[in-house]
Amino acid sequence: MTVKDIAREADVSVGTVSRVFNNHSNVTDEIRERVLRAAARLGYTRAVSQRGAGRGDSSALKEIGFLYCSYLDTNAATNNPFWSHILDGVENTARQLNMKVTYRAIGELTSDPDALLETISKMKLGGILLVGPAEPETVQQIQRLNIPLVLVDNHVTGISVDSVLCDNFEGARAAVEYLIEEGHKEIAFIGGPVLPGPRPRNRIYTLERRAAGYRAALLDAGIPVDYALFEESELHPDSAYAACKRLLERGVHFTALFGANDNVAIGAMKALREAGLRVPEDVSLIGFDDIDMVEHLTPALTTVHIDKEAMGNVAVRRLQDRSMEPNMTAITCIVAVKLVKRDSVRSCKQ
């Protein structure tokens, strides 16, 4: 792709394209937007790339984007008890590496690929952290810009792209194994939105890894997986509250419940209490993420701790590596997790 192609697409001269790309002031906003939109549409990125190759710059990146993308959550990541800690880790590491971090939520742009690419092009980023459960189509659209890209808390099968995740599978397996060790055999699971099919399969990759850990722990203990004990939710307390009520209304018996995240566990706790069930005396409860508030609940929630700041740190450093070696093989980085035992689980051993 060349400057001539951009000029032809935008119906302007090559000189105008050059002035836009070099941020000259003698270009109208309308012309600038037309050129940037054409460049984004064609996947041309010389104007927005900030890689330092050939400049003797030891730091390949000067400005990176923290682009938050979730079809489930329209709130800002900065107000979320999970994503905000990842952002803290990103900012702390970027500060050490003398990088600037620009935050933007892009979920509302994913339905308009041209607007999405134009918006990112205007940000003039040297690298992108795409944070949250972005759809594969969105990842592929952003890859067209040829800007170094790392997915954070997401993985897309079949697409060559770097990812940073926590150990969702082993964390979930450890949580359910703990419940089994305490004598529980009927263990319910509330996850995220599911795909159509013969069994519940979570639409979000990280949650499906947690569901897989749940299933593996049961099967390894010789306990069959009962999908009557599965429910889906939108991963916030109100939706999880409704999901837990559906479980109770079906009349299925369970002595423990594993929530795909802490917000799910919080919503389930409310539904259990309204049904006259005590936590943990009647139903033991475990979450995942270890957000700040759960140790202050009554009872304090047993959960799987994620070093969220470390995820941000690893993501920035992987993005820097990707910028310096654009053709290196894509890798997935897994950050370790640990089970934090508090007061929401009781033993029901005979």
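The values are calculated or read from the model by the stated rules, or taken from the named source; none is laboratory data. Just so we're clear, the structure is a prediction, and the values are computed from it rather than from any experiment. Reconstructed Cβ throughout: ideal geometry from the backbone, glycine too, with neighbour counts over all protein chains shown. Each accessible area value is taken on the protein alone, full model and side chains, heavy atoms only, with ligands, DNA and RNA left out. Shrake-Rupley method; radii C 1.70, N 1.55, O 1.52, S 1.80 Å.
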(Q) Quick check on this structure: which one of G132, G192 is touching a Cys at 6+ places or on another chain (Cβ under 6 Å) and under 19 Å from V264 (Cα atoms)? (A) G132
Q.
So for segment 286-296 (the condition being out of contact with any strand residue (DSSP E or B) (no Cβ under 9 Å at 6 or more places or on another chain), on the phi < 0 side of the Ramachandran plot and touching a residue at least 24 places away in the same chain (Cβ under 8 Å)), does at least one residue qualify?
A. yes
Q: Test R201 against the criterion of being of a type outside the set (G, A, S), open to solvent by 40 Å² or more (accessible area, probe 1.4 Å), more than 30 Å from L61 (Cβ to Cβ) and modelled with pLDDT of 95 or more, and give yes or no.
A: no
Q. If you go through segment 102-121 one residue at a time, how many are outside any loop (DSSP other than H, G, I, E, B) and surrounded by 15 or more Cβ atoms within 10 Å (Cβ to Cβ)?
A. 13
Q | Which listed residue is out of contact with any helix residue (DSSP H, G or I) (no Cβ under 9 Å at 6 or more places or on another chain) and not in a helix (DSSP H, G or I), from T298, T303 | A | T298
(Q) Name the residue that is modelled with the highest pLDDT, counting only residues in segment 39-80 that are crowded, with 17+ Cβ neighbours inside 10 Å and part of a helix (DSSP H, G or I). (A) A39
Q) Of all the residues that make up segment 136-153, how many are surrounded by 24 or more Cβ atoms within 10 Å (Cβ to Cβ) and part of a loop (DSSP other than H, G, I, E, B)? A) 3
Q: Tell me which residues, restricted to segment 248-269, are out of contact with any Pro (no Cβ under 6 Å at 6 or more places or on another chain) and surrounded by fewer than 24 Cβ atoms within 10 Å (Cβ to Cβ).
A: L248, E249, R250, G251, V252, H253, F254, T255
**Q.** Leading residue by the ranking (nearest to the chain's Cα centre (by Cα)) among those in segment 160-189 that are hydrophobic (A, V, I, L, M, F, W, C) and open to solvent by 30 Å² or more (accessible area, probe 1.4 Å)
**A.** F169
(Q) Within segment 94-101, does at least one residue satisfy the condition of being touching a helix residue (DSSP H, G or I) at 6+ places or on another chain (Cβ under 9 Å), more than 19 Å from N313 (Cα to Cα) and either in a strand (DSSP E or B) or at pLDDT 90 or above (or both)? (A) no
Q.
What's the number of the only condition in (1) open to solvent by less than 50 Å² (accessible area, probe 1.4 Å); (2) modelled with pLDDT under 95; (3) of a type in the set (V, I, T) that T329 fails to meet?
A. (1)
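Yes/no per residue for (1) hydroxyl-bearing (S, T, Y); (2) under 23 Å from the mean Cα position of the chain (by Cα); (3) under 26 Å from Q96 (Cα atoms); (4) surrounded by fewer than 18 Cβ atoms within 10 Å (Cβ to Cβ):
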residue	(1), (2), (3), (4)
G287	no, yes, no, no
V294	no, yes, no, no
P299	no, no, no, yes
K308	no, yes, yes, no
V337	no, yes, yes, no
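Conditions (1) in a helix (DSSP H, G or I); (2) out of contact with any strand residue (DSSP E or B) (no Cβ under 8 Å at 6 or more places or on another chain); (3) at negative phi, marked per residue:
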| site | (1), (2), (3) |
| --- | --- |
| M311 | yes, no, yes |
| R318 | yes, no, yes |
| P326 | no, yes, yes |
| A330 | no, no, yes |
| I334 | no, no, yes |
| R342 | no, no, yes |
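Give me a count of the residues in segment 291-312 that are within 27 Å of G65 (Cβ to Cβ) and either at pLDDT below 95 or touching an Asp or Glu at 6+ places or on another chain (Cβ under 9 Å) (or both).
7
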Q: Would you check if there is a residue in segment 81-93 being in contact with a Cys (Cβ under 9 Å, 6 or more places away or on another chain) and surrounded by fewer than 19 Cβ atoms within 10 Å (Cβ to Cβ)?
A: no
Q: Inspect segment 29-36 for any residue being modelled with pLDDT of 80 or more, open to solvent by less than 20 Å² (accessible area, probe 1.4 Å), farther than 30 Å from A77 by Cα and out of contact with any strand residue (DSSP E or B) (no Cβ under 7 Å at 6 or more places or on another chain) and give the result as yes or no.
A: yes
